[in-house]
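Reading through the structure tokens given below for one structure.
Derivation of every value follows stated rules applied to the coordinates shown; laboratory data play no part. As the structure is a prediction and not an experimental result, all values here were calculated from the model. All Cβ positions, even for glycine, are placed from backbone atoms using ideal geometry, and neighbour counts span all protein chains on display.
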Amino acid sequence: MQSEKVQKYIDNFMSEVIRKNPHEPEFHQAVQEVVESVAPYILENPIYIKHKILERMTEPERVVSFRIPWLDDQGEIQINKGYRVQMNSSIGPYKGGLRFHPSVTQSVFKFLAFEQVLKNGLTSLPMGGAKGGSDFNPKGKTDFEVMKFCQSFVTELQRHVGSFTDVPAGDIGVGGREIGYMFGQYKRLTNRFVGVFTGKGAEFGGSLLRPEATGYGAVYFTQEMLNTQDDSIKGKTVAISGSGNVAQFATEKVIELGGKVVTLSDSSGYIYDSEGIDTAKLEHIKLIKNGYRGRISQYVDEYPNATYHPQEKPWGVKCDIALPCATQNELNGDSAKLLIDNGCKCVAEGANMPCTPEAVNLFHEHKVLFAPGKAANAGGVATSGLEMTQNSMRISWTREKVDDKLKTIMQNIHSSCVKHGREPDGSINYVKGANICGFIKVANAMITQGVV
């Protein structure tokens with residue numbers, strides 16, 4: 001429980017955030033979680049109050065929204081909306097993904113950009129925080145239509161980004177195909193070959209291991225959490241949601257470390273394979289999702305011993321570890337109770353804010369090891385930062401070197417979370433640790449740079 005003084009500070013601050021940012025529930029939720037963690041630290045260090053650091057951190061430096069007209073294969077004009085929320089550049093150029101999904105809103109991008117600021121601070125790499133994208137849905141579109149959309153999107157976005165200004169990456173709906181089209185259009189418009197996007201193909205400046213990095217990093221962080229209990233992933237049953245890059249490569253790394261993944265999902269439902277998803281089965285999933293751009297339900301056509309559960313999430317399955325890797329608020333209080341009742345001991349967010357506040361509170365209450373996305377899924381942006389370094393140096397590191405650096409970064413993030421998240425009873429509050437550590441890095445830089 002917070003003290004009366006701390007709770008008053010939180011309530012007053014949040015009432016002002018909500019007043020200034022009405023009808024943005026995702027942004028309110030993200031800010032609330034951070035404020036509840038850092039409020040005691042801020043009150044103990046009033047220099048942050050004097051400089052109004054938290055007030056400045058929750059106000060984007062810049063929000064850009066724009067129209068994206070493009071022609072579909074029938075020659076019809078289509079119009080989508082684009083966004084870029086440039087939240088904070090105190091420790092480096094803006095850095096954060098682009099998301100193409102019909103559900104996006106300015107509130108979603110502000111929440112993602114705010115989280116990105118703290119996440120990037122945790123990596124100790126010189127990157128500020130931003131997020132953006134469009135309500136365009138790549139599903140069901142031809143490659144030519146995706147290309148035409150990406151070219152129109154970048155025609156506007158290019159004036160707001162640059163290798164020393166803002167370096168976007170991929171996110172939901174934006175993979176290697178989309179990054180390639182956007183990079184090509186940027187080069188065409190500016191006549192410059194620079195590292196303005198990360199997640200590029202290895203043939204034109206991309207880093208090895210970038211597609212794998214978020215999933216691998218989440219599993220590395222999970223392993224570090226288990227190490228504090230003298231435990232490991234080996235022999236554990238793991239439930240994973242999602243079936244995109246993050247979920248696929250989290251599965252790959254769990255298999256490598258001796259765990260058994262039994263679920264994957266998409267927006268239509270989830271599959272359960274009691275025998276475990278092995279390497280051959282995972283390759284089939286990659287073919288379904290990346291090659292055919294199909295649905296996870298097609299898995300059971302090839303492996304009939306597995307079951308498909310339409311319009312459900314996988315959190316009722318008995319497991320030791322849960323890795324939510326799909327989207328925000330996919331794991332609520334009821335789902336958390338199911339996981340706890342089924343003996344789940346560790347939850348790490350591979351997606352951004354996939355657990356609701358009620359779920360997080362239940363995990364803490366029942367001493368479930370819980371890692372927030374800004375810590376557990378920081379491997380993706382960390383490797384994007386490594387790609388920026390390679391682009392600047394005009395070199396390409398080996399897969400082994402990138403993986404070693406990724407593992408070290410995730411271990412260092414874990415150590416920082418432990419340092420600032422250790423509770424009096426000896427348990428570790430990773431939410432508190434991640435928020436305070438990220439806040440300190442960004443806040444101190446902002447104070448040094450003056451009122452900007």
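Where both bridge residues fall in the chain, DSSP classifies roughly 55% of the beta bridges as antiparallel.
Of all aspartates and glutamates in the structure, those lying under 15 Å Cα to Cα from Lys281, and not within fewer than 8 positions of it along the same chain, are Glu252, Glu256, Asp273, Asp301, Glu302. Using θ = phi - 60° in the Karplus curve 6.51 cos²θ - 1.76 cosθ + 1.60, the 3J(HN,Hα) couplings for the stretch 308-322 round to 10, 10, x, 6, 10, 10, x, 7, x, 7, 5, 7, 8, 9, 10 Hz; x is entered for Gly and Pro.
Here's how it looks for Gly276: its modeled amide H is under 5 Å from none belonging to a residue 5 or more places away or on a different chain. Across the cross-link table entries Lys131/Lys260; Lys374/Lys407; Lys289/Lys313; Lys8/Lys345; Lys110/Lys367; Lys141/Lys286, which are compared at the Cα atoms, the separations over 22 Å belong to Lys131/Lys260; Lys8/Lys345; Lys110/Lys367.
I need the peptides 404-414, 71-81, 6-16 ranked by packing, meaning the mean over residues of other C-beta atoms within 10 angstrom, with the highest value on top.
On the way: 404-414: 20.0, 71-81: 11.5, 6-16: 14.3.
Output ranking for 404-414, 71-81, 6-16: 404-414, 6-16, 71-81.
Can you tell me the order of 83-95, 33-45 when each peptide is scored by its average per-residue count of other Cβ atoms within 10 angstrom, highest first? Let's see the in-between values first.
Numbers: 83-95: 24.0, 33-45: 18.7.
Taking the mean over residues of other Cβ atoms within 10 Å, the ranking is 83-95, 33-45.
Listed values for the stretch 107-118 are Karplus-derived 3J(HN,Hα) couplings in whole Hz (6.51 cos²θ - 1.76 cosθ + 1.60, θ = phi - 60°), namely 4, 4, 5, 5, 5, 5, 5, 5, 4, 5, 4, 6, and x replaces Gly and Pro.
Evaluated on the stretch 4-57, the Kirkwood hydrodynamic radius is 11.4 Å, with distances taken between all distinct Cα atoms. The ranking of Glu256, Glu349 from fewest to most other beta carbons within 10 Å of each one's beta carbon is Glu256, Glu349.
Using the Kirkwood radius built from alpha carbon pairs, what does the Stokes-Einstein equation give as D for the stretch 330-425 at 25 °C and 0.890 mPa s, in µm² per second?
Working: Rh = 15.2 Å.
Rounded, D is 161 µm²/s.
Select from the stretch 270-371 those chymotrypsin sites (Phe, Trp or Tyr not before Pro) which occupy a DSSP coil region and have at most 11 other Cβ atoms within 10 Å, ordered by residue number. Display every interim value, and only then the final one.
On the way: sites: Tyr270, Tyr272, Tyr292, Tyr299, Tyr308, Trp315, Phe363, Phe370; in loops: Tyr292.
Of the chymotrypsin sites (Phe, Trp or Tyr not before Pro), the ones in loops of the stretch 270-371 whose Cβ has at most 11 other Cβ atoms within 10 Å are Tyr292.
Taking label positions 7 Å along the Cα-Cβ direction at both Asp230 and Arg399, the computed distance is 3.6 nm, reported to one decimal.
If we count other beta carbons within 10 Å of each Cβ, what is the order of Val442, Val246, Val174, fewest first?
Working: Val442 23, Val246 30, Val174 26.
Going from least to most buried by this count: Val442, Val174, Val246.
Would you work out the charge dipole size for the chain about its Cα centre, treating the Cβ of every Lys and Arg as +1 and the Cβ of every Asp and Glu as -1, and quote it to the nearest 20 debye?
Working: 50 positive and 50 negative charges, 290 e Å.
It works out to roughly 1400 debye.
For the stretch 4-57, a simple Cβ point-charge model (Lys and Arg +1, Asp and Glu -1, everything else neutral) yields a dipole of about 300 debye relative to the Cα centre. Here the contact order of the stretch 265-408, divided by its residue count and restricted to Cα pairs under 8 Å and six or more residues apart, works out to 18 percent. Placing one equal scatterer on every Cα of the stretch 213-376 and applying the Debye formula, the log10 ratio I(q)/I(0) at q = 0.11, 0.14, 0.21 Å⁻¹ is -0.37, -0.61, -1.45. Shown in residue order for the stretch 381-398 are the 3J(HN,Hα) couplings computed by the Karplus curve 6.51 cos²θ - 1.76 cosθ + 1.60 at θ = phi - 60°: 6, 4, 6, 4, x, 5, 5, 4, 4, 5, 4, 5, 8, 6, 9, 9, 7, 6 Hz (x for Gly and Pro). Amide H to amide H distances under 5 Å link Gly170 with Leu98, where only residues 5 or more positions off or on other chains count and H is placed in the peptide plane.
If the stretch 62-193 were replaced by its equivalent ellipsoid, with semi-axes equal to the square roots of 5 times the Cα gyration tensor eigenvalues, what would those be, largest first, whole Å? Each step should come with its number before you reach the end.
Values: eigenvalues 126, 51, 29 Å².
Square roots of five times the eigenvalues give 25, 16, 12 Å.
Give the whole-number value, in cubic angstrom per residue, of the convex hull volume spanned by the C-alpha atoms of the chain.
140
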